[in-house]
Structure formats: C-alpha cells, structure tokens
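Peer 1: Sharing a structure, written as structure tokens. Questions coming.
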Number of protein chains: 2
Amino acid sequence: MMYCLSVSHKMAPVTIREQFAFREEEKREFIEILSGKEAITGIVILCTCNRSEIYVSGTKQAVSELQQELAEFKKVRLEEVLKYLNIYNGESAIGHLFKVTCGFDSMVLGEDEILGQVKEAYQISKDMKTVDYEMNVLFQRAVSCAKRIKTDTNLSKTPLSIATLVANEVFHFENGNECKKVMVIGMSGKMGTTITKNLISKQGIEVTGTVRKHNECLTVNIQSDYVKAVDYKERYQYMDDMDIVISATLGPHYTITYEDLSKVLKDKKKRLFIDVAVPVDMDASIERLEGLTLFDIDYFETLSKNNTDIKLRELDLANAIMEEELDAAIKEVVFHPYIRRMDELKAAFTGKRLESLLFRVRDQLKSDELKVVLKTLDDLESWIKED
Amino acid sequence: MMYCLSVSHKMAPVTIREQFAFREEEKREFIEILSGKEAITGIVILCTCNRSEIYVSGTKQAVSELQQELAEFKKVRLEEVLKYLNIYNGESAIGHLFKVTCGFDSMVLGEDEILGQVKEAYQISKDMKTVDYEMNVLFQRAVSCAKRIKTDTNLSKTPLSIATLVANEVFHFENGNECKKVMVIGMSGKMGTTITKNLISKQGIEVTGTVRKHNECLTVNIQSDYVKAVDYKERYQYMDDMDIVISATLGPHYTITYEDLSKVLKDKKKRLFIDVAVPVDMDASIERLEGLTLFDIDYFETLSKNNTDIKLRELDLANAIMEEELDAAIKEVVFHPYIRRMDELKAAFTGKRLESLLFRVRDQLKSDELKVVLKTLDDLESWIKED
C-alpha cells in the first residue's frame, strides 16, 4: 500500500514548510535512510515551495517508521511533525498524488509547473532504485494523466492573473522586429516586477524599467542582461525607441500625458501602450497618436473574467480525465497480486460446480455486491459468445 | 420487475383516496381485469383507509396498462389518476412494500394493523392465483420481516397517544372482578370517543358514558352493547357502581368535586380515577378517599414522553432488521433468473482460462466493481479451502 505524508500550503504556514523542505542532497540522504527500513519498499520525496511530500509504499508500519525518521532527520519533536502533517493512505494517497500531479492541489489551479517537479522527484528515486512496482505504476500513470490533461484541455493555457495576461499581449504583439523593446514604468512595484519576470521568461524581449531615483541606486531585484533600469524622470527620453510601454504605478498622477508623449514620439511605427494602474497612469487621449494602441485595466479584467469561465469548463473536463485515469491506476494496483496468485486460484476452483459457487456467493454477499458479480457473469458470457 | 402505484395519505386528501378505494368485490373484479393483460404477471391490491396501493409485476408495459385500466375502472381521467399517484419501480417498489408492511409508512409510525391488511390483500390474490414467483417471494418476505420486527422490538408495543395510554391503564387495572365498569365523562368529545373506542376493543369492559342532555337525545356515535350513554347531570348516581372513572371534558369546571363524590361512594373498593382534561376536571383532593387512585394528565404526558424515547431507540433496531430483510429479498429476486440459466452459464465457461476471464474483468469494470469481484474470488477460495 502507498502512503503519503504531506506538509502543504493548505495546512502549514511557510515557516513550517521551510522546516520540512529538502535540498537535493538531503533528499538523497533521507531516501538512503528510509530504504534501509524493512517496512518501506518504495520512497519518493516531492519538495516544492508550496509543499513537502513524502510518498512511501510498504507495510502498515511504513508510516510510523517514516514519521520517526523524519522527526530525527529534521531534528523536530514527533508531536511537532504530526501537527502540520496530512497523512493519506491507500486509495486516498493515490488520489492525492493524482491531484497534486495534475495541479489540482496547487495555489494556481491547474498550473503545470508541478508536473515537472513530480517527474523529477520520481526520477531521483528511480535512479536510486527506491521505487517498487506499485509506485512505478502510480507515478508513471499520474504523470501521464497530467500530460493528457495538459494536451486535451486548456486548463493550464488559460491564465487568470493580470500580469500573465499583460505578458501574453506583449508576446503576441507583432511588429516585424526580431526583438521587442518594452518599457515598464514602475518596474520595482509588485505588479511591475511580476510583469517583468514574465516578459523575460521568453527570448527576444528587452525591458527598460523605470525606478524612482530617490531609491538612490537604480538596481532592481531582477538580475538579467535583458533588463535595464532607468530613472523614472528620464522615461520620456527612451520612449520613442520602445515598441511597447507598460505602466503599473500606484501613484495618483498620469505617468504619461498626451502632450509630453506627442512631443517625444518621432517614429510613427506600430506601438502598444498598456495601462494596468488603478487609478489610470496613461491619459486615454494618447490613443489618438498614429500607430498607437492602448489597453487599459478594464480590457485585462474582462479577459480574466472570460478566462475564469473557460477555466471552469476546462476544469470539468480535466476532472473527468483524472477520474478515469485514477480509476485505471487503482485497478492496476488492485489487480496485480492476483496475477501472481493465478495458478493457486485455478487449482482451487478446479472441479468446483458453478451452482455451489454461485449459491455461496448469493448467501454471503450484500445485494449490491451480488448485482456486481452477476452483472460480471453476464458480461463475461456475452464476451465469450462474441468471441 | 415489480411496480407499485400508490395513493396514500402522504400525497392525496381523503376525498381523492376515497375515489381510489376498492371494496372487496371491486378488488376481485379489478384483479380479474388486470390478470387478462399480457404485460402483467402478478397483482395485489392493498386498500386501507390511509392508502390504496396496487402492486403489479411484469414487463415495462405493466405500469402504463395498469394506469389506463385504473382510470377506466374508476371512471376518472388519466391525468387525474396521475396527479395523486406515486409510482415505484423495481427496488424502490420492493423497499416501499417493506416500509408499508412494517408500518413505517403509516400515520402512526410502527403500528401493526397494516400487517394484517397486507396479509389479507396478498391472500386474496394468492387465492385468485394472480401472484407470480417474484410477488410471492416479496410479500412473504415483507410479512415475515414485519412479524420479526413485531417480535424482536417494542415498536408497536410503545403507544404515544394519550387515549391509548389511558386505555392501557384501564386494561392493567386489577380488582378481581371479571368485568370492569368504566365511566367516561365527556364521552361524545374527541378524546372521550377515542378512549371509549379503545376500551371496548377488549372484552370485559362496560362503559357508561355521560353526554349533555341538551344534545336532546342520549345517543353517541359508538354503537356497542357495552356502551351506555347517560345524562351528564345524573353522573353521580352511577358512580358508586364504577371501578374506573375517566373525565375528559373541555369545560372550565370540575366534573367531580370532593364533596359530591364523598357523598355517593359507599363501597370502599379499589377504584381508579383518571383525569385527562386541561384544565383539570377532578378536584385533586378526591385522592384522600379510601381505595381511590388518581392519575392526571401530567402522568400520561410523562408516560408518552418516555415512550417517545423508547420508540426512537426501537425504531433504529426495527430499521436495521428491515434493511437486512430487504437486502435478502432483493438478493433472492435478483438471483432467481440465474438458477434457470445455470446450465447455459456452465456451458459458456467450460474450457475458459481463468486468466483470460479475469483480465477481461479488469479491463471492463470500474475499480469499485473490480474490488467486489476480486473480494468474491478471495471469499470463494477460502470457503473452498475450509471445506
């Protein structure tokens, strides 16, 4: 049977999650320790910033041994360990693994970064030869289920966050140039930082971000060759060179006015201006300037709302896929011991009369179970006839 | 499959129930008509003052044929029939039959008069040879289930109504005489009537009931040799002869005072006085009179409350019995066709390899069903080994 010990964002604050985090070497070290235990026949450790989860398979003692080893390894008291842990057994552990792998247990529902993390965690244990038959089946099936959801649904392709939606607009903006020059006004703010990080995740984008000079130096917390910080006051002098300008400050004033902008834009090229500030940062009349398109926060909020509707629909689809794959996985695990027992079973049933077996079944089972067995008989009979 | 068409106190007012009521000859007549229908292989008609229910078994067409015939027989429009009908199919019809027979669908929960009525309804159809295998099984099992509940629980022996509790006190009152003489003051009132009906349901009780003379005549709506009506004003002159006196009027005045009673009671025998009126009818100080015991409404309300608690506990027990018997009945009905098919099944499975059958089962079933089948295999194997 598989078990899962989970410390996740659902149960534990970040300070606790950090206590149970595993660095790469720690993972290997702890896997070594657990693989020496008799009760434990399989181990996978999954550790992301939102969760630390240890999957083990083995006998009933596996969980308590794991808890004790974990407390010792992490130098915490056992009671402390238990307080923040969720423990899943058997089918609920399998169900949990599938939910996690498919991104249904993530902070951002349906995100697919977790899929890579599960694959990696599984690969480490596989390389260390610490996964048994059951875990092999379950992790491989969970990963292929998540891939199927990724391929067959638009769940992970339907962003809801404004920063991602803004970055997507930039990615889709086409002006024929190989490299897009983007200015982010208010780059050191929360929204500005997230947008900038999103932007430089793809190639061919150069960001010029404005920061306030009174921060004394112009560095920001994004280290990249494709990001340059400039003084906010000097923003207009870079603007003519830009393809896209995004403004996301918290201040009450326009960061871009029609009058100032019209003076500096010499090149009449296609430009995208994006204003995600509340209150607005850009004077709406700048849209009158030749070549310029302006998107404001309303545009992105409508997008986000529509995506929410899509996401809910896709979620149903994804759930149905997961249920199906989960059921198949449980079946494989449940059925496996019977393959080994086949000869023994055959021997037991040899020469037995169907009547006596069926009457026994009728007398012993509940009516719901009896119906399943009889339906199975019918299915088998018609299958044999079709053959 | 069995079906049940029900017009009961739950859905239909009494005027509608009357429309669908069947007198003895009508029952036989309608059973004759239905037994001519091809789709119908079994018929039982249950008709009490609270419900008219027609149970039929047969093919899918059985219900619609029944509805049409019922509309024609009762000279009502089909839409009118449908409006007040509950239709139960298959297992829900079986479940309903058990509930009804055990008194779980009665106005007084757990009453057992209905058991006799179900037996009678079944017997009529049995005599007319209009019950098929399925109905035979189901009605016999429902009746024996109700009997088991009656024997094994105190459900029907735990009355809650004040009138029944009062009558029980009278039945349990022992003074050595073969015949108990009971006076009911206020016999024509609702409570007085119910108590009187309860009393004369047993032998050895003679009721003298007071009614108001200004009702002009002294007749009451109970016709019995054991009930005599007297004028309320003359109540004291019969009282010395009585063993038990019950008062249940709605008036604000005492119907019995200490002063008047002490004058008329000559015989110092053991007597029971019961006052179930609110406000009280009997002066509490009459209890000082020799041989006299007085019970007031508080006494019966406490009894009723205690019985409610008992009844709720017994109800759990009765429910568990019913679930068990119901499951056994469903199993018998579900299994029955397979007895006939046994040879055919044996032939189909002859020479088939267990592996190929089991792999087929794994691929076709849901995991929940697969688990039932595999568990059944295990059970059979260990049963064979034990043998």
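The values are calculated or read from the model by the stated rules, or taken from the named source; none is laboratory data. From a predicted model like this one, the values you see are computed outputs, not experimental measurements. Note that we place each Cβ from the backbone using ideal geometry, even for glycine, and neighbour counts take in every protein chain shown. The area values use the complete protein model at the heavy-atom level, side chains included, leaving out ligands, DNA and RNA. Shrake-Rupley method; radii C 1.70, N 1.55, O 1.52, S 1.80 Å.
Peer 1: On the basis of being in a helix (DSSP H, G or I), within 7 Å of chain A (Cβ to nearest Cβ), over 30 Å from B:T151 (Cα atoms) and not polar (S, T, N, Q), does B:R340 make the cut?
Peer 2: Considered against the rule, which asks whether it is in a helix (DSSP H, G or I), within 7 Å of chain A (Cβ to nearest Cβ), over 30 Å from B:T151 (Cα atoms) and not polar (S, T, N, Q), B:R340 comes out as no.
Peer 1: Hey, another quick one. Report yes if A:L70 is under 24 Å from A:E24 (Cα atoms) and surrounded by fewer than 14 Cβ atoms within 10 Å (Cβ to Cβ), otherwise no.
Peer 2: In short, no.
Peer 1: Now for a different question. Residue by residue through the range A:362-373, note down the ones that are closer than 15 Å to B:D387 by Cβ and within 7 Å of chain B (Cβ to nearest Cβ).
Peer 2: Hit for the range A:362-373 is A:Q364, nothing else.
Peer 1: What is the one condition in (1) assigned to a helix (DSSP H, G or I); (2) assigned by TED's automatic domain parsing to the domain that holds B:T249; (3) small (G, A, S) that B:A277 does not satisfy?
Peer 2: (1)
Yes/no matrix, rows are residues, columns are (1) open to solvent by less than 60 Å² (accessible area, probe 1.4 Å); (2) of a type in the set (S, T, N, Q):
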{"position": "B:D283", "(1), (2)": "yes, no"}
{"position": "B:G291", "(1), (2)": "yes, no"}
{"position": "B:E314", "(1), (2)": "yes, no"}
{"position": "B:K331", "(1), (2)": "yes, no"}
{"position": "B:E344", "(1), (2)": "no, no"}
{"position": "B:R353", "(1), (2)": "no, no"}
{"position": "B:S356", "(1), (2)": "yes, yes"}
{"position": "B:L377", "(1), (2)": "yes, no"}
{"position": "B:I384", "(1), (2)": "yes, no"}
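Peer 1: Hey, can you tell me all the residues within the range B:174-188 that are surrounded by fewer than 20 Cβ atoms within 10 Å (Cβ to Cβ) and either within 27 Å of the chain's Cα centre (by Cα) or in contact (Cβ under 8 Å) with a residue 24 or more places away in the chain (or both)?
Peer 2: Matches in the range B:174-188: B:N175, B:N177, B:E178, B:C179, B:K181.
Peer 1: Only one of these is of a type in the set (S, T, Y), within 25 Å of B:V334 (Cβ to Cβ) and in contact (Cβ under 8 Å) with a residue 12 or more places away in the chain: B:Y84, B:Y55. Name it.
Peer 2: Unique residue meeting the criteria: B:Y55.
Peer 1: Could you go through the range B:93-110 and let me know if any residue there is part of a helix (DSSP H, G or I), among the β-branched types (V, I, T) and touching a Leu at 6+ places or on another chain (Cβ under 7 Å).
Peer 2: yes
Peer 1: Another question about this same structure. Quick one: is B:L303 within 10 Å of chain A (Cβ to nearest Cβ) and either in a helix (DSSP H, G or I) or polar (S, T, N, Q) (or both)?
Peer 2: Against the criterion (within 10 Å of chain A (Cβ to nearest Cβ) and either in a helix (DSSP H, G or I) or polar (S, T, N, Q) (or both)), B:L303 does not qualify.
Peer 1: Within the range B:148-195, track down each residue that is part of a helix (DSSP H, G or I) and either in contact with a Phe, Trp or Tyr (Cβ under 8 Å, 6 or more places away or on another chain) or among the aromatic types (F, W, Y) (or both).
Peer 2: Selection gives B:I162, B:L165, B:V166, B:E169, B:F171.
Peer 1: Any residue in the range A:90-114 that is modelled with pLDDT under 95 sitting within a Cβ distance under 6 Å of a residue that is of a type in the set (K, R)? List the pairs, counting only those 6 or more apart or interchain.
Peer 2: Filtered contacts from the range A:90-114: A:D105/A:K99; A:D112/A:K150.
Peer 1: Between a first residue in the range B:226-247 that is free of Cβ contacts under 8 Å to residues at least 60 places away in the same chain and a second residue that is in a helix (DSSP H, G or I) and open to solvent by less than 30 Å² (accessible area, probe 1.4 Å), which pairs have beta carbons less than 9 Å apart while being 6 or more apart in sequence or on different chains?
Peer 2: B:Y226/B:L199; B:V227/B:T196; B:V227/B:L199; B:Y236/B:L261; B:M239/B:L261
Peer 1: Here's something else I'd like to know. From A:V131, A:V63, grab the single residue that is buried (at least 20 other Cβ atoms within 10 Å of the Cβ), more than 30 Å from A:L303 (Cα to Cα) and out of contact with any helix residue (DSSP H, G or I) (no Cβ under 9 Å at 6 or more places or on another chain).
Peer 2: Answer to the selection: A:V63.
Peer 1: So which residues in the range B:345-360 are more than 8 Å from chain A (Cβ to nearest Cβ) and either within 30 Å of B:H96 (Cβ to Cβ) or assigned to a helix (DSSP H, G or I) (or both)?
Peer 2: Selection gives B:A347, B:S356, B:F359.
Peer 1: Turning to a different aspect of this structure: Given (1) over 17 Å from B:S92 (Cα atoms); (2) modelled with pLDDT of 95 or more, where does B:E325 come up short, assuming only one miss?
Peer 2: Status for B:E325: all satisfied but (1).
Peer 1: Taking A:D267, is it assigned to a helix (DSSP H, G or I), more than 38 Å from the chain's Cα centre (by Cα) and charged (D, E, K, R)?
Peer 2: No; evaluated as a whole, the condition is false for this residue.
Peer 1: Does A:Y122 qualify as being in contact with a Pro (Cβ under 9 Å, 6 or more places away or on another chain) and not charged (D, E, K, R)?
Peer 2: For A:Y122, the condition - in contact with a Pro (Cβ under 9 Å, 6 or more places away or on another chain) and not charged (D, E, K, R) - is not met.
Peer 1: Suppose we keep only residues that are modelled with pLDDT under 90 and either among the basic types (K, R) or not in a helix (DSSP H, G or I) (or both) within the range A:361-387. Which one would you say is farthest from B:E325 (Cα to Cα)?
Peer 2: Top of the filtered list is A:D387.
Peer 1: Now a separate question. For the range B:323-337, which positions are at the interface with chain A (Cβ under 7 Å from one of its Cβ atoms) and within 18 Å of B:Y133 (Cβ to Cβ)?
Peer 2: B:I330, B:K331, B:V334, B:F335
Peer 1: Still on this model: Do we find that A:D363 is open to solvent by 70 Å² or more (accessible area, probe 1.4 Å), under 46 Å from the mean Cα position of the chain (by Cα) and not assigned by TED's automatic domain parsing to the domain that holds A:D132 in this structure?
Peer 2: Spelling it out, it is not the case that A:D363 is open to solvent by 70 Å² or more (accessible area, probe 1.4 Å), under 46 Å from the mean Cα position of the chain (by Cα) and not assigned by TED's automatic domain parsing to the domain that holds A:D132.
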